[in-house]
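The structure appears right after this line, and notes come after that.
The values are calculated or read from the model by the stated rules, or taken from the named source; none is laboratory data. Since the structure is predicted, the reported quantities are computational estimates derived from the model, not experimental observations. All Cβ positions, glycine included, derive from the backbone under ideal geometry; neighbour counts span all protein chains shown.
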Amino acid sequence: MTTAGNKVWFDARITPHLALSRTGRVLVSVALLFPATVIGTFLTIYKAWPASCFLGGESLLAIFALNWCASRLTEQGERVLLTDRDLIIERWDRGASRCHRLEPAWVSLERQDHEEFGCEAVFLRVSRRRLRIGMALGADARGELADRLKSALDARRQGFFSGS
């Protein structure tokens, strides 16, 4: 892909993985509310209605927390874009976005690997500045991101200096 004479070497969009889909969240909500309703009904029949209020409140609070966390995760993301001119790291969270532009010729990629857990962190270093990327990914996917970005940076450097 080329846009206005600016070749794209690498483009990755990173979003957090949601463990449950919307249907899954509805099923978990029903699984929390159904027993609370049945137990709360028996508690109310046996004149222990304050306990049924606490039980229902806890269930509703758990459902609210589940849906709140899921909605927060859907509004987060990161994009890593390597072109001939720039290495652009764009992050967004609930509408607010931050963009970091780095000179690709001076960027070095650092990985923190653990022998048991895999790739723990990926950093882009320019001078004294370190920028962490791929925090929403698991260890295997983070390692793959680091490998692909490293090869794209190397290919860009070779292509840039060979004149192609």
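Here are the numbers for this structure:
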item: Every pair of residues 6+ apart whose Cβ atoms lie under 8 Å, when the first sits in the stretch 61-72 and is within 18 Å of Ala136 (Cβ to Cβ) while the second is loosely packed, with under 11 Cβ neighbours inside 10 Å; result: Arg72/Arg94
item: Meets criteria (surrounded by fewer than 13 Cβ atoms within 10 Å (Cβ to Cβ) and assigned to a loop (DSSP other than H, G, I, E, B)) for Ala31; result: no
item: Options Glu90, Glu75, Glu120; residue that is closer than 30 Å to Ala31 by Cα, free of Cβ contacts under 8 Å to residues at least 60 places away in the same chain and in contact with an Asp or Glu (Cβ under 8 Å, 6 or more places away or on another chain); result: Glu75
item: Residue selected from the stretch 142-164 under the condition at pLDDT 90 or above and small (Gly, Ala, Ser), by the criterion surrounded by the most Cβ atoms within 10 Å (Cβ to Cβ); result: Ala146
item: Gly143 within 18 Å of the chain's Cα centre (by Cα), among the small types (Gly, Ala, Ser) and farther than 30 Å from Leu32 by Cβ; result: yes
item: Test: residue in the stretch 34-55 that is farther than 30 Å from Ala105 by Cβ, surrounded by 13 or more Cβ atoms within 10 Å (Cβ to Cβ), in contact with a Phe, Trp or Tyr (Cβ under 8 Å, 6 or more places away or on another chain) and not charged (D, E, K, R); result: yes
item: Hits in the stretch 16-52 - residues which are more than 30 Å from Gln76 (Cα to Cα) and touching a residue at least 12 places away in the same chain (Cβ under 8 Å); result: Ala36, Thr37, Ile39, Gly40, Leu43, Ser52
